1. I want to check the label-to-label distance for B:Leu80 and B:His19. Put each point 7 Å from Cα in the C-beta direction and report it in nm to one decimal.
2. Nearest 20 debye, what's the magnitude of the dipole of chain A about its Cα centre given +1 on Lys and Arg Cβ and -1 on Asp and Glu Cβ?
3. Taking the alpha-carbon distance from B:Lys179 and a cut-off under 14 Å, which aspartates and glutamates remain once sequence neighbours fewer than 8 residues away in the same chain are dropped?
4. Give me the three principal axis extents of the protein assembly as shown from the C-alpha atoms, as integers in angstrom, largest value leading.
5. Please label the shape of region B:13-151 as rounded, prolate or oblate, based on the square roots a ≥ b ≥ c of the eigenvalues of the alpha-carbon gyration tensor (a/c under 1.5 means rounded; beyond that, a/b larger than b/c means prolate, else oblate).
6. Summing Lys, Arg as +1 and Asp, Glu as -1, what charge do residues with Cβ under 11 Å from the Cβ of B:Thr29 carry, B:Thr29 excluded?
7. Using protein heavy atoms only (no ligands, DNA or RNA), what is the total accessible area buried between A and B, 1.4 Å probe, nearest 100 Å²?
8. Pop out the carbon and sulfur fraction of the accessible area of chain B as a percent, whole number, probe 1.4 Å.
Amino acid sequence: MQIKFTLNHQPVTLEADPSMRAIDLLREHCGLTGPKEGCSTGECGACAVWINGVTRLSCLMLAAQLQGQSVVTVEGVNPDSPDTLHPVQEAFVNCGAVQCGYCTPGMIMTAAQLLACERTPSRERIREAISGNLCRCTGYHKIVDAVEAAAQAMDREIS
Amino acid sequence: MKVHLPESLDALWDLLDQHPQAGIMAGGTDLLVSLRAGKQHLPTVICLERLAPLQTIEPLDQTLRIGAGVTLTRILENSLVHTHLPLLHKSVASLGSPLVRNMATLGGNICTASPAGDTLPALYVLGAKLSLASAKGRRILPLESFIQGPGKTALAKGEILDSVIIPFPAGFGVQHFEKLGQRNALAISVVSFAALIRTQDNLVQRARFAWGSVGPTIVRSPQAEKALEGNPLSLEALLRVADLARAAVEPITDVRASADYRRRVAGNMVLRLAAL
Ligand SMILES: Cc1cc2nc3c(=O)[nH]c(=O)nc-3n(C[C@H](O)[C@H](O)[C@H](O)COP(=O)(O)OP(=O)(O)OC[C@H]3O[C@@H](n4cnc5c(N)ncnc54)[C@H](O)[C@@H]3O)c2cc1C
Ligand code: FES
Ligand code: FES
């Protein structure tokens, strides 16, 4: 089946099995290894991507569902200046919110989506928002620090 | 496996007619997990996500009609749900994780008919009705008759759930939901409990209770409800109700908890109402 969609802000057309999982299409056919496969059952959030601006789990989607949609992976999270880091990515680096890094792309997608909707979420709200993204390394404190720092940086930029 | 994404109900009816063995998929958070685990094999999947009529939330005379394809995140964001159906709001907020709720639909939670389905106890006490649609037309069924056993529903071949009709519980000042899981996010309930209570002059006029994960389907107990009516919402009255609740449930032992533990908790959850 021919699948046409927008991938990281560029139109793409691919020939693929419509019943393969979206994560396999992105990783194997498109070479984007940002989305990670942790659990393949919706529990870890490592495979999170944006579909039409909503964070969804690419391990629980079929390739056919991407038809006509806009898909953004962590590789395309900063479209205005693709060669620099998104403020959330920068904050993850500065706050030491990355250890093995396996959960990071999914965390970034969830956090950046949260900050696109809410300018200054509380720590409690941040914890709730990332509750579908599991991290086995950091103990979450530094991740919450990073999201808070990113929120402050982005807020300063706006005002 | 073939995948279809019909964009109109007419196209859906044709597909259902041509592919009688097809599976129906809404958010896919149950279906794709079960396919991947090899518990099911399907030649064809028909996705409902592009059917606009399944995507609306509309008020209609003291009820809210929620399209079966509306995601749980959209339900949480809806101001009418917030104002008029706080019980539904609480139960939806307890399901899965934000990422799961961005995909999972209300229709999917109902059609999966799991004894642990987290929206079900709330929908039972709210008296939800289901609108089932097929090429032949529509029929309305109460949720309680739709769910027939674990994973078993009254859906006929060629039929889908198109919307859920939920009456506003006017006058019910207490709208309580509690879910006990093994952790906060991403936990399947060990026991869940929904209650609606209407009081007048500090006496309970009407009580409606439902428990999840303590029987093959959601458990109701008219005896427990009657026992509370006419009494104040006191610990003394609730202790009697809790005993009736423990008698009504039929829990099993599984990896998450023992039957005995579930039975005790089902009663203890009722006592929480004394603190409200
Ligand atoms: C990580 C994870 C955590 C979860 N946590 C919870 C939890 O805490 N509580 C809980 O209750 N559930 C939980 N679930 C289960 C699941 O997310 C919910 O049951 C969800 O509401 C299912 O909706 P869906 O749209 O994804 O259904 P789908 O998977 O698309 O469909 C489920 C079933 O219903 C049928 N179906 C769906 N919509 C219709 C329709 N409109 N008409 C006819 N048939 C239909 C499908 O054929 C299929 O058999 C979890 C799932 C995952 C992956
Ligand atoms: S791989 Fe998708 S949620 Fe874990
Ligand atoms: S940094 Fe290793 S899983 Fe989060």
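The values are calculated or read from the model by the stated rules, or taken from the named source; none is laboratory data. Since we're looking at a predicted model, the values are computed, not measured. Using ideal geometry, Cβ is built from the backbone for each residue, glycine included, and neighbour counts are taken over all protein chains shown. Areas reflect the complete protein model, heavy atoms only, side chains present, ligands, DNA and RNA absent. Shrake-Rupley method; radii C 1.70, N 1.55, O 1.52, S 1.80 Å.
1. Each label point is offset 7 Å from its Cα along the Cβ direction, giving 3.2 nm.
2. 260 debye
3. Answer for B:Lys179, where 14 Å is the Cα cut-off: B:Asp118, listed by chain and number.
4. Cα spread of the protein assembly as shown along its principal axes, largest to smallest: 69, 54, 42 Å.
5. Prolate, because a/c is 1.5 or more and a/b exceeds b/c.
6. Counting the neighbours of B:Thr29, the net charge comes to 0.
7. 2000 Å²
8. On chain B, the fraction of accessible area on carbon and sulfur atoms equals 52 percent.
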